[in-house]
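Below: one structure, written as structure tokens.
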Amino acid sequence: MKSLITGLLFVGLTSLGVAQNNGIEQVELSEVNVTPLNLTYLNTVQDTDTPEKVKELENVASRYDVTESPVFNKKFEAYEVIFKETDGKIVATYDQNGKILSSMERFSNVVLPTKVRNAIYESYPGWNLHKDTYLVSYYVDRDVKKIFKIQLRKDRERKNLKVDVDGNII
């Protein structure tokens, strides 16, 4: 009985091996255009603490190819493109080669990085976060400016704060 089961198992496995198709089909791909990302821009404006919805729109802006736009004309030096989503907006300026020269970014209701949240709650215990805005100002070959504008409320009082990405209250 044991040899019968072993024999059937062997026959079953060999039939699976024969069923595999060893033929290789050649597939030709149509022309593929690879556009480089604006890595300088991305590496400057993004870090590990950048809110996810901000990263998503910044990635869209970095991948945008202005040379594919119907209004593109090599004679112009710069192109301004606006990217919008529900709570965010990026106004990016591209040069004639598709490189981002500058961007002004504004996002509302983002998840605050841990450093920022901790700094606020330590400095203002008992206050509640009412609303926040994340602003990014990027210019090529300059330092990027990233600021959170935050409104706190406690009872009927309000406080408006500016906090940098490291949690320093300005």
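The values are calculated or read from the model by the stated rules, or taken from the named source; none is laboratory data. Being a predicted model, the structure only gives us computed values, none of them experimental. Please note: Cβ atoms are built from the backbone with ideal geometry, for glycine as well, and neighbour counts cover all protein chains shown.
Just one of the listed residues (LYS89, LYS159) is over 23 Å from LEU42 (Cα atoms) and modelled with pLDDT of 95 or more, namely LYS159. Summed over region 44-78, the residues that are in a helix (DSSP H, G or I) and of a type in the set (Lys, Arg) give a count of 3.
When region 85-128 is examined, which residues are found to be in contact with a strand residue (DSSP E or B) (Cβ under 7 Å, 6 or more places away or on another chain), within 15 Å of ARG153 (Cα to Cα) and surrounded by fewer than 16 Cβ atoms within 10 Å (Cβ to Cβ)? Quick ask: steps written out before the conclusion?
We begin by selecting, within region 85-128, every residue in contact with a strand residue (DSSP E or B) (Cβ under 7 Å, 6 or more places away or on another chain); these are 87-95, 100-110, 112, 116, 119-120, 123-124, 126-128.
Imposing the further condition that a residue be within 15 Å of ARG153 (Cα to Cα) reduces the set to 120, 123-124, 126-128.
Answer for region 85-128, where residues must be in contact with a strand residue (DSSP E or B) (Cβ under 7 Å, 6 or more places away or on another chain), within 15 Å of ARG153 (Cα to Cα) and surrounded by fewer than 16 Cβ atoms within 10 Å (Cβ to Cβ): SER123, GLY126, ASN128.
Scanning region 148-167 for residues that are surrounded by 13 or more Cβ atoms within 10 Å (Cβ to Cβ) and more than 27 Å from the chain's Cα centre (by Cα) gives LEU152, ARG153, LYS154, LYS159. With respect to the conditions (1) assigned to a strand (DSSP E or B); (2) touching a helix residue (DSSP H, G or I) at 6+ places or on another chain (Cβ under 8 Å); (3) under 20 Å from ASN168 (Cα atoms), VAL81 lacks only one, and its number is (3).
Within region 58-86, if we keep just the residues that are over 29 Å from ASP132 (Cβ atoms) and hydroxyl-bearing (Ser, Thr, Tyr), the residue that is modelled with the highest pLDDT turns out to be TYR79.
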